[in-house]
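The values are calculated or read from the model by the stated rules, or taken from the named source; none is laboratory data. Note that the structure is predicted; figures quoted are calculated from it, not measured. In this analysis, Cβ positions are derived from the backbone assuming ideal geometry, glycine residues included, and neighbour counts consider all displayed protein chains. The protein model used for the area step is the full one, side chains on, heavy atoms only, and it has no ligands, DNA or RNA in it. Shrake-Rupley method; radii C 1.70, N 1.55, O 1.52, S 1.80 Å.
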Amino acid sequence: MNPAMTFPTALDKSHIEDLRLAASQLTGAKRRSFLAEMTLKYCHGSARLAETYFGWNRNRVEVGLAPDRTGLLCQGDQSGFGGNKRIRERHPELKPCDN
C-alpha cells in the first residue's frame, strides 16, 4: 500500500462524528462539495478512503470531486420535476373566475 494512502491520524472519533453530522445537515451540491473538500483535506482525494474512514457514499464523493477535475458542477433535477403542479397545469380545461 502506498504510504500516502494510509488513514489520517489527525482526527479522533469525536471529530469524525462532527464531520458526519455536518454532512448529514447539507443536501445536494452543497453536500457533495463539503464531502469533496473533506476528502481532499483528510483522505488525499481518495473517495474509497473517505468511504472507509467517514462512511460516506463513494459515488457521491466522486461526483463532488468531479468539478475539480472537469470544471463542471453537477446539479440535480429536483426543482424542475418535483412538487405539486399548479392547478391550471394539472387541469387546463378550467376557466379563470372573473370576480
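For a straight C-alpha distance cut-off of 29 angstrom, the lysines reachable from residue 13 (same-chain residues fewer than eight places away being disregarded) are 30, 41.
Each Lys or Arg adds one and each Asp or Glu takes one away; over the other residues whose Cβ falls under 15 Å from the Cβ of residue 37, this sums to +4.
Considering only protein heavy atoms, with the full assembly of protein chains and a 1.4 angstrom probe, order 91, 44 by accessible area, largest first.
Details: 91 75, 44 105 Å².
Reading off the accessible areas and sorting them downward yields 44, 91.
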